[in-house]
Amino acid sequence: MSTEILSLKIDELHGELEKIETDLLLIVIDHKVLALYDKELDFSTIKNKKVIIWKATDGEKTKSLAEYEACTDYFLSRDIHRRAHLVAIGGGAISDFSGFVAATLLRGISWSVIPTTLLSMVDASIGGKVGINSKQGKNLLGVFHEPTKIYLCESFLKTLPAVELISGKGEVLKYGLLSKEIEELILKKAPLAEIISACIDYKKMIVLKDLKEAGERKFLNLGHSFGHGLERIYQISHGEAVILGTFLIFLMNDRKDLILALKELMRKIELGPLQSPWRGKSLPVDDLLYYLNKDKKKTENDRLDLILLEKVGSPFIQSTEIKKIMGLLEERKDDIKNFSL
Ligand SMILES: NC(=O)c1ccc[n+]([C@@H]2O[C@H](COP(=O)([O-])OP(=O)(O)OC[C@H]3O[C@@H](n4cnc5c(N)ncnc54)[C@H](O)[C@@H]3O)[C@@H](O)[C@H]2O)c1
């Protein structure tokens, strides 16, 4: 992975942006983040560069074809060139969207990220997977385009709404299940900065080995095949959906040991108790089936590469027929109806 990661204070950001080797900065910023940090991020004082700012809608709504068209139109109508550098400022939705804009604008310009949510710090901004949603499902239009730099500034987290913090913790838990070292950090309640840094190192290591997701990078999809569907069906946060998706995978495979490990990590990271959005009702299996069929990871013969663990820290890929997944969910429907985490 060629991305450089810099940890810094918010008042050092300005100077770092001035150092970027370009005379033209294209900034894509979540409009809520701009409203919260307009003083700290005053782009009008950046020296020796023209700055063009796109105030993005915010969050997931940004990742649409309509916003893509509006944003690229806005930049293209302002005399830009291929040595321009784009800077994404916001959560994972903004970095996914901005990276896609950067990858396609004038056939590709360089870009960097200033992640402002926990989820984007530990996951979304790293690894160059960028894209937008289609009416048919999440992240179905995208490419790989790695950012040049990630500017990590933990103090953005102090304004993050609780629900977004929970969402980020969902992805942190995923790492805690994939890596023994991160599990231990969570269990001993290490400082958040240390946990964030370990998650970043883990993802960097995986991306370095497998940028295009031919093998090991698939591990990072733990809980995501169901998670993406649940996120759309119930309009819940990404991280919460990933936790629920992980729980369903463990339950389907009758892995009570892993459910216990998940619960313990949740307790230590102060997450939960978590109730399912279908609380006391049946899981909407047909709706879920619709999204599993749209999953980009679906392979030939209607199979999905599900991620499971031999034990914490030892993930593996289990290619499973979607028909079989549906059967297993059906068998477990009573447990699924009434669980709490
Ligand atoms: N590309 C990848 O590898 C990858 C990995 C994981 C997730 N993702 C994507 O990331 C997205 C989710 O990202 P997210 O959880 O960061 O959410 P988000 O970008 O949707 O942001 C969530 C909300 O938090 C607000 N916000 C952002 N920073 C803030 C701050 N510092 N203070 C106050 N409010 C703030 C935003 O305005 C938004 O309303 C999803 O679209 C998911 O598909 C991508």
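The values are calculated or read from the model by the stated rules, or taken from the named source; none is laboratory data. The shown structure was predicted, so the numbers you read here are calculated from the model rather than taken from an experiment. FYI the Cβ positions are ideal-geometry reconstructions off the backbone, even for glycines, and counts take in every protein chain you see.
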(message) One residue is enough: does the range 215-238 have a residue meeting the conditions out of contact with any His (no Cβ under 9 Å at 6 or more places or on another chain) and away from the ligand (no atom under 16 Å from the Cβ)?
(response) yes
(message) Among the residues in the range 67-79, are any within 13 Å of the ligand (Cβ to nearest atom) and on the phi < 0 side of the Ramachandran plot?
(response) yes
(message) among the acidic types (Asp, Glu) and away from the ligand (no atom under 16 Å from the Cβ): is that true of residue 30 in this structure?
(response) no
(request) Would you check if there is a residue in the range 148-166 being under 14 Å from the mean Cα position of the chain (by Cα) and within 24 Å of residue 319 (Cβ to Cβ)? (result) no
(message) Please count how many residues of the range 124-161 are within 10 Å of the ligand (Cβ to nearest atom) and of a type in the set (Ser, Thr, Tyr).
(response) 3
(request) Could you figure out which of (1) in contact with a Leu (Cβ under 8 Å, 6 or more places away or on another chain); (2) at pLDDT 95 or above; (3) farther than 19 Å from residue 62 by Cα isn't true of residue 217? (result) (2)
(request) Quickly run through the range 125-143 and pick out the residues that are under 17 Å from residue 205 (Cβ atoms) and either surrounded by fewer than 16 Cβ atoms within 10 Å (Cβ to Cβ) or hydrophobic (A, V, I, L, M, F, W, C) (or both). (result) 126
(message) Here is a check on your reading of the model: is residue 36 away from the ligand (no atom under 15 Å from the Cβ) and at pLDDT 95 or above?
(response) no
(message) Can you report the number of residues in the range 81-103 which are crowded, with 18+ Cβ neighbours inside 10 Å and away from the ligand (no atom under 16 Å from the Cβ)?
(response) 2
(message) Tell me the residue from 118, 165, 105, 141 that is more than 24 Å from residue 52 (Cβ to Cβ) and not assigned by TED's automatic domain parsing to the domain that holds residue 243, please.
(response) 118
(message) Of the conditions (1) on the phi > 0 side of the Ramachandran plot; (2) assigned by TED's automatic domain parsing to the domain that holds residue 58, residue 189 satisfies every one except a single condition; which number is it?
(response) (2)
(request) Take the range 104-123 and flag every residue that is within 9 Å of the ligand (Cβ to nearest atom), outside any strand (DSSP E or B) and within 13 Å of residue 87 (Cβ to Cβ). (result) 116
(message) So, residue 282, is that one surrounded by 15 or more Cβ atoms within 10 Å (Cβ to Cβ) and either under 15 Å from residue 221 (Cα atoms) or at pLDDT 80 or above (or both) or not?
(response) no
(request) Return the only residue of 258, 265, 292, 304 being modelled with pLDDT of 95 or more, buried (at least 17 other Cβ atoms within 10 Å of the Cβ) and in contact with a strand residue (DSSP E or B) (Cβ under 7 Å, 6 or more places away or on another chain). (result) 258
(request) Read through the list (1) more than 24 Å from residue 123 (Cβ to Cβ); (2) at pLDDT 85 or above; (3) among the charged types (D, E, K, R), then give the number of the only condition that residue 310 fails. (result) (1)
(request) Would you check which residues across the range 150-199 are outside any helix (DSSP H, G or I) and out of contact with any Phe, Trp or Tyr (no Cβ under 9 Å at 6 or more places or on another chain) and list them? (result) 150, 151, 152, 153, 160, 161, 188, 189, 190, 191
(request) Among the residues of the range 314-341, write down those that are free of Cβ contacts under 8 Å to residues at least 40 places away in the same chain and part of a helix (DSSP H, G or I). (result) 322, 323, 324, 327, 331, 334
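When residues of the range 254-286 are filtered for being over 19 Å from residue 183 (Cβ atoms) and outside any helix (DSSP H, G or I), how many remain?
Number of matching residues: 12.
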(message) Which of the numbered conditions does residue 314 fail, given that it passes all the others? Conditions: (1) more than 30 Å from residue 141 (Cα to Cα); (2) crowded, with 17+ Cβ neighbours inside 10 Å.
(response) (2)
(request) Check residue 204 against each of (1) away from the ligand (no atom under 11 Å from the Cβ); (2) more than 16 Å from the chain's Cα centre (by Cα); (3) of a type in the set (Lys, Arg) and name the one condition it does not meet. (result) (2)
